[in-house]
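What follows is a single structure, written as structure tokens, with notes after it.
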Amino acid sequence: MASDRIRKIAFLGTGLMGAPMARRLLGAGFSVTVWNRDSAKAAALGRGGATVAGSAAEAARGASVVITMLTDAAAVGEVLFGNGGIAGVLDEGATVVDMSSIAPEAARDHAARLAQRGVRHIDAPVSGGVVGAEAGTLAIMAGGDAAAVTDMAGVFAPLGRVTHVGPSGTGQLAKLGNQQIVAITIGAIAEAMVLVEAGGGSRAAFRDAIRGGFCESRILDLHGQRMIAREFAPGGTARNQLKDLDAVMATAQALSLSLPLTEAVHAEFAEFVAEDGGEKDHSGLLLHLEARNGRKPDP
């Protein structure tokens, strides 16, 4: 049930992930106003009970909670503080929950600037893809004040399972770690499928054979099946995966870390995106690895 203390939620960014998340909040009984730069992506939510705003500031005006689910740090910064941004219309005591995946230092900067206006900020990126967004089973990694995260429990509940990781920016750090694991695991499964098929085995039989063993994972389940079916319509795009890996590498450099596995998979995703694979699902890295090895398996 919607919390009585939360009068209105503004949801900014209703793309692949944002739209089903907004629908989950509507289904939980919240009053939700939505905005998207491409208004067509918000229109369907209007038919589902949301109020559709003509601008981000219009959506945020009077909202107790503003959720942002945008492409990158530049987009979030523009919506918060740019010309016509929402920071100037937010009520003191409102909470901004940024569920986008951006660099930790950007999240910390946003939190500090909003705090000067009396607005709380939580960086709360998610993992689980479109399937998790639709089912309300997202893993939510929250950075910020613990009390603020606790106060948002009723908002997070329809979306998934929230874990308070630490102070501002640590939710984004956790998401970067998540994206490292996702990218490396996708790469490992794709390389293994190339190896097995090159030796005369079946990629489908290979996946079945290792299910339930130490290799079992959500990625083997969902993305392994995508690789078998060769269905690469995006749940999460390779371009966004590369954006997150870029942020991992920048953060590692700032912390004087060497991450050789991440460096290798980052290079492969960069090549895949450069080869016009950016709008394919990130499991489509298989296509790049096949091409690199001169493999053209049957569909």
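Brief remarks follow.
- Selection within segment 64-116 - over 24 Å from S31 (Cα atoms) and over 22 Å from the mean Cα position of the chain (by Cα): G82, N83, A112, R113, A115, Q116
- Enumeration of residues in segment 264-286 that are farther than 16 Å from V182 by Cβ and among the acidic types (D, E): E271, E275, D276, E279
- Exclusive hit being assigned by TED's automatic domain parsing to the domain that holds H110 and under 24 Å from A115 (Cβ atoms), set A56, A40: A56
- Filtered residues of segment 36-54 (kept if surrounded by fewer than 24 Cβ atoms within 10 Å (Cβ to Cβ) and within 18 Å of the chain's Cα centre (by Cα)): R37, K41
- Failed item in (1) surrounded by fewer than 18 Cβ atoms within 10 Å (Cβ to Cβ); (2) farther than 20 Å from D72 by Cβ; (3) at pLDDT 95 or above; (4) under 15 Å from the mean Cα position of the chain (by Cα), with V131 passing the rest: (3)
- Filtered residues of segment 201-241 (kept if farther than 10 Å from I189 by Cβ and of a type in the set (V, I, T)): I228, T237
Each row is one residue, and each column tells you yes or no for (1) closer than 19 Å to A174 by Cβ; (2) assigned by TED's automatic domain parsing to the domain that holds D72; (3) surrounded by 15 or more Cβ atoms within 10 Å (Cβ to Cβ); (4) not charged (D, E, K, R).
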| position | (1), (2), (3), (4) |
| --- | --- |
| R211 | no, no, no, no |
| V248 | yes, no, yes, yes |
| A252 | yes, no, yes, yes |
| L255 | yes, no, no, yes |
| S258 | no, no, no, yes |
| G278 | no, no, yes, yes |
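- Some residue of segment 103-116 being crowded, with 21+ Cβ neighbours inside 10 Å and modelled with pLDDT under 95: yes
- Condition check for D98: under 12 Å from L12 (Cα atoms), acidic (D, E) and assigned by TED's automatic domain parsing to the domain that holds A147: yes
- Condition met for A94 (within 30 Å of A254 (Cα to Cα) and buried (at least 17 other Cβ atoms within 10 Å of the Cβ)): no
- Selection from segment 5-14 of residues that are over 15 Å from P125 (Cα atoms) and either modelled with pLDDT under 95 or touching a Phe, Trp or Tyr at 6+ places or on another chain (Cβ under 6 Å) (or both): R5, I6, R7, K8, I9
- Scope segment 168-197; condition buried (at least 20 other Cβ atoms within 10 Å of the Cβ) and under 22 Å from L114 (Cβ atoms); matching residues: S168, G169, G171, Q172, L173, A174, K175, L176
- Test: residue in segment 53-71 that is assigned to a strand (DSSP E or B) and in contact with an Asp or Glu (Cβ under 6 Å, 6 or more places away or on another chain): yes
- Boolean, K41 is out of contact with any His (no Cβ under 8 Å at 6 or more places or on another chain), of a type outside the set (V, I, T) and farther than 30 Å from L245 by Cα: no
- Pairs, first over 17 Å from R23 (Cα atoms) in segment 125-146, second among the basic types (K, R) and surrounded by 24 or more Cβ atoms within 10 Å (Cβ to Cβ), C-beta under 9 Å, six or more apart: P125/K175; S127/K175; M141/K175
- Among (1) of a type in the set (G, A, S); (2) farther than 25 Å from V130 by Cβ; (3) modelled with pLDDT of 95 or more, the one test that A188 misses: (2)
- Output for segment 225-276, where each listed residue is more than 22 Å from the chain's Cα centre (by Cα) and either among the hydroxyl-bearing types (S, T, Y) or within 25 Å of D208 (Cα to Cα) (or both): I228, A229, R230, S256, S258
The values are calculated or read from the model by the stated rules, or taken from the named source; none is laboratory data. If you're wondering where the values come from, they're calculated on a predicted model, not measured in any experiment. Glycine also receives a Cβ, built like all others from the backbone with ideal geometry; neighbour counts cover every protein chain displayed.
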